[in-house]
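Q: Below you will find the structure I want to go over with you.
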Amino acid sequence: MTSDPRSIWLDSLARRAGFEDTQDFARAFELREYRLAQLYRAAAKELCESVDEITTLPKELRSAITSRGVRLSSIEPVTIQRSRDRHTTKGLFRCGDGKEVEAVLMEHRGDRTTICISSQAGCAFACAFCSTGQAGFGRNLSAVEIFDQARYFAREARAKGKRVTNVVFMGMGEPFHNYDAVMDAVALLNDPQGFGLGQRHITISTVGLVDRIDQFAEEGVQVNLAISLHAPNDTLRSSFMPVNRRYSLEELMAACERYVSRTHRKVFFEYVMLAGINDSDKCARELAALMRGNIYHVNLIPYNTTPDAPYTGSSDERIWDFAEILDKAGVPVTVRHNMGRDIAAACGQLRVETQAKAHT
Ligand code: SAH
């Protein structure tokens, strides 16, 4: 990665405030280098919400900046919903141009706290079972719009005395379809001078864009890669994941093998369990055959029904039987624990249409 996270963040702040770039912004407020560093640190590390909170800046400077309409965050929370058990919080955020995206905070038992963030408003890949996929594509988010979702929930977590341990790109959108911004967002999340989250605690989930997997393998980062596989053969995969008509399973698996030999990192495969579609014993055996060697890990995802997709989830019993076949074949397998179903904050339930409800 080449981009410096601090300049990515400062340039975005300057542009949002109507300046050409950081220099232009710094000139307008006569800000020296250390002031710029204080601004970045306040947002990225100290997670300040507004300029007013930055007590390291003189009061006059704070009000000068605020009066010019400079906002520390590129997104504004519209609605925040908590699940009944209070372990899951879903946020709907509005970008500067009115586009809305969702992110989720999950407080697992134990010490794990995960933030799930969106990389695009909508999604262009139209997976038949996914709510976002059915809603269509809006636009790419900027690196800072992605980062600010994590910043918002890291602040929430901190207020409860918790530390964010993981960030996953499993919200709305296809991260590898917005590659550069996602890599910049990773740099922002990872910056030791800023947000400071270790790369191994970040996971990018992709529908399986082969060229981008190859590019990602060359980044020299320790970020985890997850592939949304969901089917063990081309006929089945193409029937509900249009992307498979562009990149066959063979091409996808070959890219994963190249990735593993280049990075020496495991690949995680997500497999959403759709009743009567991809959950047979035969599918499990086919999947096991695809997962050669000890370089892959399968994560079975209980399906969350969405109003706009004609699927139902496999029963728990079916999921565990399926898992057992994989396990017996020597494939590392886990079953994802479901969170936030009652507030439609679970996997694949994030959708732009919530806007309508949120506004009333
Ligand atoms: N575009 C990325 C991120 C998508 S969301 C990708 O395809 O990986 C993260 C995961 O949730 C993906 O594996 C996606 O297929 C899955 N998913 C989508 N809708 C779902 C639903 N209704 N229930 C469970 N998982 C779902």
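Q: Give me a comma-separated list of calculated 3J(HN,Hα) values for the range 230-235, in order, Karplus coefficients 6.51, -1.76, 1.60 applied at θ = phi - 60°, integers in Hz, x for any Gly or Pro.
A: Once rounded to whole Hz, the list reads 6, 7, x, 8, 5, 4.
Q: Would you mind telling me the share, in percent, of accessible area of the range 200-299 contributed by carbon and sulfur at probe 1.4 angstrom?
A: That fraction is 49 percent.
Q: In addition: About the Cα centre, and with charges only on the beta carbon of Lys, Arg (+1) and Asp, Glu (-1), how big is the dipole of the chain? Nearest 20 debye, please.
A: Taking the Cα centre of the chain as origin, the dipole is about 800 debye.
Q: With a cut-off of 15 Å, note down the residues of the range 183-214 whose backbone N falls inside the zone around a label point 7 Å from the Cα of Thr334 toward its beta carbon.
A: 200-205
Q: If you don't mind, another one. Considering only Arg41, Arg15, Arg109, give the residue with the highest GNM mean-square fluctuation for the chain, with springs between Cα atoms whenever their separation is below 10 Å.
A: The residue with the greatest mean-square fluctuation here is Arg109.
Q: Sort Arg35, Arg285, Arg16, Arg84 from largest to smallest accessible area, using a 1.4 Å probe on the heavy atoms of the protein chains.
A: Greatest to least solvent exposure: Arg84, Arg285, Arg16, Arg35.
Q: Would you mind getting me the FRET efficiency between Asp4 and Arg84? Use the beta-carbon distance for r and R0 = 35 Å, nearest 0.05. The partial results should precede the final answer.
A: Values: r = 43 Å, r/R0 = 1.23.
Efficiency for this residue pair is about 0.20.
Q: Also: Which whole-number value in Å² is the accessible area per residue of the range 5-67, probe 1.4 Å? Show your work: numbers first, answer last.
A: Working: 3330 Å² over 63 residues.
For the range 5-67, the per-residue accessible area is 53 Å².
Q: Per-residue accessible area for Tyr303 at 1.4 Å probe radius, Å² rounded to 10?
A: The value for Tyr303 is about 20 Å².
Q: Compute, for Asp4, the solvent-accessible surface of its heavy atoms (probe 1.4 Å) with the complete set of protein chains present, and express it in square angstrom to the nearest 10.
A: Solvent-accessible area, nearest 10 Å²: 80 Å².
Q: Restricting to Cα pairs below 8 Å that are 6+ residues apart, what does the relative contact order work out to for the range 5-67? Please round to a whole percent.
A: 24
Q: Check Ile227: other-chain or 5+ apart residues with amide H under 5 Å from its amide H, H built from backbone geometry?
A: Those qualifying (amide H under 5 Å, at least 5 residues apart or on another chain) are Thr206, Phe268, Phe269, Glu270.
Q: Which ³J(HN,Hα) values, rounded to whole Hz and listed in residue order, are derived for the range 301-307 from phi using the Karplus coefficients 6.51, -1.76 and 1.60 in 6.51 cos²θ - 1.76 cosθ + 1.60 with θ = phi - 60°, glycine and proline given as x?
A: Working through the residues one at a time gives 10, x, 6, 9, 5, 10, x Hz.
Q: Suppose accessible area is computed on protein heavy atoms with a 1.4 Å probe; arrange Trp320, Trp9 from highest to lowest.
A: In descending accessible area the options line up as Trp320, Trp9.
Q: Okay, moving on. Please compute the per residue accessible area over the range 75-358 with all protein chains in place, 1.4 Å probe, rounded to a whole number of Å².
A: 40
Q: Counting only protein heavy atoms, what percent of the accessible surface of the range 5-67 is carbon or sulfur at a 1.4 Å probe?
A: Carbon and sulfur: 46 percent of the exposed surface of the range 5-67.
Q: Cα axis of helix 281-290 to longest principal axis of the chain: angle in degrees, 0 to 90, nearest 10?
A: 60
Q: Mind pulling the angle between the C-alpha long axis of helix 179-190 and the longest principal axis of the chain? Nearest 10 degrees, somewhere in 0 to 90.
A: Between helix and principal axis, roughly 70 degrees.
Q: Follow-up question, since we're still on this one. Using protein chains only and a probe of 1.4 angstrom, how many square angstrom of Met106 are accessible, to the nearest 10?
A: Met106 exposes around 30 Å² with every protein chain in place.
Q: Can you pull the Kirkwood radius for the chain, inverse mean 1/r over Cα pairs, to one decimal in Å?
A: 21.3
Q: To continue, here is another question. Rank-order 326-332, 135-141 by packing density, defined as the average count of other C-beta atoms within 10 Å over each peptide's residues, highest first.
A: Packing proxy ranking, top to bottom: 135-141, 326-332.
Q: Counting DSSP beta bridges with both partners in the chain, what percentage is antiparallel, nearest 5?
A: Restricted to the chain, the bridges split so that about 50 percent are antiparallel.
Q: Toward the positive end of the charge dipole of the range 179-220, about the Cα centre and with charges on Cβ (Lys, Arg +1; Asp, Glu -1), which of Leu197, Ile213, Tyr179 goes farthest?
A: Checked the options; the winner is Leu197.
Q: With equal scatterers on the alpha carbons only and no solvent term, can you work out the Debye log10 of I(q)/I(0) for the range 5-67 at 0.18, 0.25, 0.27 1/Å?
A: Results for the range 5-67 at q = 0.18, 0.25, 0.27 Å⁻¹ read -0.58, -1.21, -1.42.
Q: What is the chain's relative contact order, in percent, from Cα pairs under 8 angstrom and six or more apart in sequence? Please list the in-between numbers first.
A: Working: 684 pairs, mean separation 54.9, N = 360.
With pairs under 8 Å counted, the relative contact order is 15 percent.
Q: If you don't mind, there's one more thing I want to ask. Taking a 1.4 Å probe, which of His108, His177 shows the most accessible area, and what order do the others take after it?
A: His177, His108
Q: Let me ask something else. Quick one: Karplus J couplings for the range 326-339, per residue in order, coefficients 6.51, -1.76, 1.60, θ = phi - 60°, nearest Hz, x for Gly and Pro?
A: 5, 4, 5, 7, x, 8, x, 9, 10, 10, 5, 7, 8, 10
The values are calculated or read from the model by the stated rules, or taken from the named source; none is laboratory data. Treat the numbers as computed from the prediction; the structure is a model and nothing was measured. Every residue, glycine as well, gets a Cβ built from its backbone with ideal geometry; the counts of neighbours run over all protein chains shown. Please note that ligands, DNA and RNA were not included when accessible areas were found on the heavy atoms of the full protein model with its side chains. Shrake-Rupley method; radii C 1.70, N 1.55, O 1.52, S 1.80 Å.
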